[in-house]
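The values are calculated or read from the model by the stated rules, or taken from the named source; none is laboratory data. Being a predicted model, the structure only gives us computed values, none of them experimental. Glycine gets a Cβ as well: all are built from the backbone with ideal geometry, and neighbour counts include every protein chain shown.
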Amino acid sequence: MSARSAIEWTDATWNPVTGCTKVSPGCDHCYAETFAERWRGVPGHHFERGFDLVLRPERLGQPLGWRAPRRVFVNSMSDLFHPGVPAEHIARVFAVMLAAPRHTFQVLTKRHARMRSLLRDSRFTAAVYERAAADHGLAPVAAPYRRWPLPNVWLGVSAENQPWAERRIPALIETPAAVRFVSAEPLLGPIDLTRAVWTCGSQRGHGLTASYVHAGGCCDRFHGLDWVISGGESGPGARPAHPHWFRNLRDQCAAAGVAYFHKQHGAYTWQTPSPHRSPDLYVCAETGQTVPADHAPATRTWAGVWRVGKKAAGRVLDGRTHNAMPAHLPARPANRDGAA
């Protein structure tokens, strides 16, 4: 837990769970695992068991002690919807978020199916309100008057490439949330957001998403996405990103009126660090495949990249930084089965 965070799109982190397991290529070089392994067995640190999944009930009340409102990234060192985290513990986490409406909580997951299943279940909603009354003294609220989704909770999914975008984003859209976002970091390939959202239903009729999207102009908003974050990979073993991947996401968001936040290029830059230094690698825009500099392809779909480190690579994209945040939208109206 940190009352302040260096992560560009949040203010603080809160970890009522630590540890995780890998589920997709974006996990291959997990920064949280690297951090945990660094402190494995060191007295006084919370990663004595490496990156094993550990519930941290003693941390549940931490956001309640923060007086100033802030954006809080929930479980930066884990995944709240990991199958090893009991639903009861997740309900207690949501109960804290219910009891701390001054904060905005940002929940990011790769376990899209469990998130959708739990948050669409009226029994889970009831458990959250019951825990809020039992743990934090909130007055009991009868079922018809419970606010759901919680207006101060943003839900997001990670999507590192097109196949995972098409699996996770539809589940996100089908999940009740005040704000929905996608974190395309580490970005390992191009993503066409329209292909991801159209899997939820036809472009004309919207299919399953009809009750989840804004009325009027929702096609232009990717069927209910409010925010897209992009970023390249950094750290040991980092894989380079092609600049077109970031530009395409930026342009898709601009056309759709969706907030776009570019967090970092990653360990590589496509801008020459010195006039006499040849690229370290070439990366393919279509596939993400890389080849050494002495095998330089002769097509425009390949870009030369230089490994300079995260700090030197920076986050300026075509002459500007992109720091857009979603408007704090009110909860979307519920449909007939209680989801929004």
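Quick notes on this structure:
- Scanning the stretch 60-74 for residues that are outside any loop (DSSP other than H, G, I, E, B) and touching an Asp or Glu at 6+ places or on another chain (Cβ under 9 Å) turns up R71, V72, F73.
- All of F94, F124, F81, F105 fail the test of being more than 20 Å from A12 (Cβ to Cβ), crowded, with 19+ Cβ neighbours inside 10 Å and not charged (D, E, K, R), apart from F81.
- Looking across the stretch 6-26, just one residue is touching a helix residue (DSSP H, G or I) at 6+ places or on another chain (Cβ under 6 Å) and under 23 Å from L188 (Cα atoms), and that is S24.
- Any hit, the stretch 158-171, residues being part of a loop (DSSP other than H, G, I, E, B), at pLDDT 95 or above and buried (at least 22 other Cβ atoms within 10 Å of the Cβ): yes
Listed here are the residues, each with its yes/no results for (1) in a loop (DSSP other than H, G, I, E, B); (2) modelled with pLDDT of 90 or more.
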| residue | (1), (2) |
| --- | --- |
| R4 | yes, no |
| E8 | yes, yes |
| H29 | yes, no |
| V42 | yes, no |
| E58 | no, yes |
| S76 | yes, yes |
| F81 | yes, yes |
| E88 | no, yes |
| A95 | no, yes |
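- For the stretch 228-274, a tally of residues being free of Cβ contacts under 8 Å to residues at least 40 places away in the same chain, in a loop (DSSP other than H, G, I, E, B) and out of contact with any helix residue (DSSP H, G or I) (no Cβ under 9 Å at 6 or more places or on another chain) returns 2.
- Top-ranked residue of the stretch 136-146 - restricted to ones that are surrounded by 15 or more Cβ atoms within 10 Å (Cβ to Cβ) and within 30 Å of the chain's Cα centre (by Cα), ranked as farthest from V96 (Cα to Cα): R146
- Yes/no for R300 being at pLDDT 95 or above and not in a strand (DSSP E or B): no
- Condition check for G189: closer than 23 Å to D79 by Cβ, part of a strand (DSSP E or B) and not charged (D, E, K, R): no
- Check on L249, surrounded by 22 or more Cβ atoms within 10 Å (Cβ to Cβ), among the hydrophobic types (A, V, I, L, M, F, W, C) and at pLDDT 90 or above: yes
- Residue, surrounded by the fewest Cβ atoms within 10 Å (Cβ to Cβ), within the stretch 108-121, restricted to residues that are more than 14 Å from the chain's Cα centre (by Cα) and of a type in the set (D, E, K, R): D121
- Identity of the residue in the stretch 255-280, hydrophobic (A, V, I, L, M, F, W, C) and touching a strand residue (DSSP E or B) at 6+ places or on another chain (Cβ under 7 Å), that ends up farthest from R307 (Cα to Cα): V258
- Contact map, the stretch 302-316: residues that are closer than 14 Å to P236 by Cα paired with residues that are among the charged types (D, E, K, R), Cβ distance under 7 Å, separation 6+ or inter-chain. Pairs shown: R307/D280.
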